[in-house]
């Protein structure tokens, strides 16, 4: 989970860094008279840089989202393959133990008890695996939902930010024709306001990690319950098996 949400934080950091770069554009400093405005003179160049930065912002957001999804998919495939490999190894070991146990059964009663024991163990294994799989899937579905919801929110925030920037540009263009002396200050204020709003909106980024931790707690509790149920079932099966072997119980 930590690797997953390290990638998620990287994604949201990409958005933040891109936004900072977007609003930190070079503009002429100092007082500006009504007759002359270097800012208005250079507005076309400034707008060009803004447009380039906004395109870069959108591209970085999309790339971060794609990389996160790819990493998540690859990690899950890797973890699933490891689970299946371990289960196959455990199945082989369990069957080997069953074979040894069957060799110890000499009477019909003992053979019947071994068969009953093996069936009980197999049922317990299947039940625990089903519980684990269900808990794991519920966790993943919950994480996917949390990420999707936050991604949708962030995309909306980026769209709103870009809209605010475009509005600031349009206002600056109109102002340069009427009140050039105040255009730069108003433009900078609008850009800073857009940045502040976006930064404040991003305060919800951590909610995904919090939700994931809560989901992981529920998943781990389900694992623990499944383990306890498995232990109870196999302990009962083992007790019945030993009872069937009577004086030879120590052999099983």
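Read the figures in this text as sums done on the coordinates, not as results from a lab. As the structure is a prediction and not an experimental result, all values here were calculated from the model. Here the Cβ positions follow ideal geometry from the backbone for every residue, glycine too, while neighbour counts run over all protein chains shown.
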> Can you give the FRET efficiency for residue 197 and residue 69, using 1/(1 + (r/R0)^6), R0 = 35 Å, r = Cβ-Cβ distance, to the nearest 0.05?
Replying inline: 0.80
> For the residues 176, 40, what sequence is obtained by ranking on other C-beta atoms within 10 Å, fewest first?
Replying inline: 176, 40
> So what is the calculated 222 nm ellipticity per residue for the chain, using -39500 (n - 2.57) for each DSSP H run with n of 4 or more, over all residues, to the nearest 500 deg cm²/dmol?
Replying inline: -32000 deg cm²/dmol
>> Viscosity 1.002 mPa s, temperature 20 °C: give me the Stokes-Einstein translational D for the stretch 158-197 in µm²/s, with Rh taken as the Kirkwood radius over C-alpha pairs.
In response: 213
> For the stretch 87-251, what is the relative contact order in percent, using Cα pairs closer than 8 Å and at least 6 residues apart in sequence?
Replying inline: 40
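Length gain on complete extension for the stretch residue 133 to residue 240, per 0.36 nm per residue less the alpha carbon to alpha carbon distance?
Contour length minus Cα-Cα distance gives 35.6 nm.
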> Among 216, 85, 237, which one shows the biggest mean-square fluctuation in a GNM of the chain, springs joining Cα atoms closer than 10 Å?
Replying inline: 85
>> Testing the spin-label approximation: label points 7 Å from Cα along Cα→Cβ at residue 122 and residue 99. State their distance in nm.
In response: 1.6
> If R0 is 41 Å, what FRET efficiency do you get for residue 87 and residue 248 from their C-beta distance, rounded to 0.05?
Replying inline: 0.80
>> Rounded, prolate or oblate, given the Cα gyration tensor of the stretch 128-226, with a/c below 1.5 counting as rounded?
In response: prolate
>> Between 0 and 90 degrees, rounded to the nearest ten: what's the tilt of helix 43-104 against the longest Cα principal axis of the chain?
In response: 0
> What residue among 144, 235, 69 has the largest mean-square fluctuation in a Gaussian network model of the chain, using Cα springs under 10 Å?
Replying inline: 235
> Once the Cα atoms of helix 108-178 and of the chain are each reduced to a long axis, what angle between those two axes, in degrees from 0 to 90 to the nearest 10, is obtained?
Replying inline: 0
>> Under a crude label model (7 Å from the Cα following the beta-carbon direction), how far is residue 77 from residue 223 in nanometres?
In response: 2.3
> Expressed in nm to one decimal, what extension gain is obtained for the pair residue 141 and residue 181 from 0.36 nm per residue of sequence separation less their Cα-Cα distance?
Replying inline: 8.9 nm
>> Pairwise over distinct Cα atoms, reciprocal of the mean inverse distance: report the Kirkwood radius of the chain in Å, one decimal place.
In response: 23.6
